[in-house]
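Worksheet: one structure, shown below.
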């Protein structure tokens, strides 16, 4: 049959064998193109039509009804829930539960208060994971806060009784004061135990400070504490009250005339961009002799150079 069609086409149109084959292929392509709208419409209609059995519809209706009941039950419980007054800084976990908190939230509040710091405002309650704004608005009127000042007890009033009593009462407050006394110490020589004696600095913060100090090669300015991840303003203020930097800094320095780019980027202040600029300039102009040579690299930012300078050595 195919051969007869080929012969007829060749005789009717005067095609060669190759032209006949091309003509047949062209006809098939045209037929396919013309039928595409009908084929795509059928496929679209098939997939668009939802296939749902009666059992499926009944199951769906049941789920929707159950969901509606759960929502109504939750709303009823929320309306019926009663709260009692509580103190964020004094209430125990059990007392918080009695005040209307779920047990897991009560434990988190006590843990936050003991491990991080006492509450100073009601809004700090939103920092507790699991307490959303809606729940916070419900309990807001019942919140009380006793501000806890961690300070040494005031000296007792001296009683004018006998000479012996005077001596005892005068010595007692001196002993008590020593318990809270903390001498300033060198930040570049401090260990985690010393840092944790500062109010607001726990194991996590002390570990970060020491890790960053080692990463830098030592601090040359107290303002570098601002670069330690997670430290808040109150933590920084506490630190700066008790730490200092010695006049003679013993910083770990980078030998810019010997190190390659991969070694230079180990310092937190130096990116690959700056490291490559320093190495390439050295290769073109020879070794550096002072910071003036580094400043000659015009692309480098002067603020960056000033910050990095204490860690560079030109030996």
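Things worth noting here:
- Residue pairs whose Cβ atoms lie under 6 Å apart, sitting 6 or more positions apart in sequence or on different chains, and linking a residue in region 265-282 that is free of Cβ contacts under 8 Å to residues at least 40 places away in the same chain and at negative phi to a partner that is assigned to a helix (DSSP H, G or I) and surrounded by fewer than 18 Cβ atoms within 10 Å (Cβ to Cβ), are 265/272; 275/261; 276/261; 279/261.
- Qualifying residue in region 197-207 (condition: modelled with pLDDT of 85 or more, assigned to a loop (DSSP other than H, G, I, E, B) and under 30 Å from residue 263 (Cα atoms)): no
- Matching residues, region 92-119, being part of a loop (DSSP other than H, G, I, E, B) and either over 30 Å from residue 198 (Cβ atoms) or within 23 Å of the chain's Cα centre (by Cα) (or both): 99, 100, 101, 102, 116, 117, 118, 119
- Those residues of region 280-315 which are surrounded by 14 or more Cβ atoms within 10 Å (Cβ to Cβ) and more than 19 Å from residue 217 (Cβ to Cβ), in sequence order: 281, 282, 293, 297, 300
- Positions within region 214-226 being under 11 Å from residue 268 (Cβ atoms) and either in contact with a strand residue (DSSP E or B) (Cβ under 9 Å, 6 or more places away or on another chain) or touching a residue at least 24 places away in the same chain (Cβ under 8 Å) (or both), in sequence order: 215, 216, 217
- Test: residue in region 250-260 that is assigned to a helix (DSSP H, G or I) and over 15 Å from residue 311 (Cα atoms): no
The values are calculated or read from the model by the stated rules, or taken from the named source; none is laboratory data. From a predicted model like this one, the values you see are computed outputs, not experimental measurements. Here the Cβ is made from the backbone with ideal geometry for all residues, glycine too, and neighbour counts use every protein chain on show.
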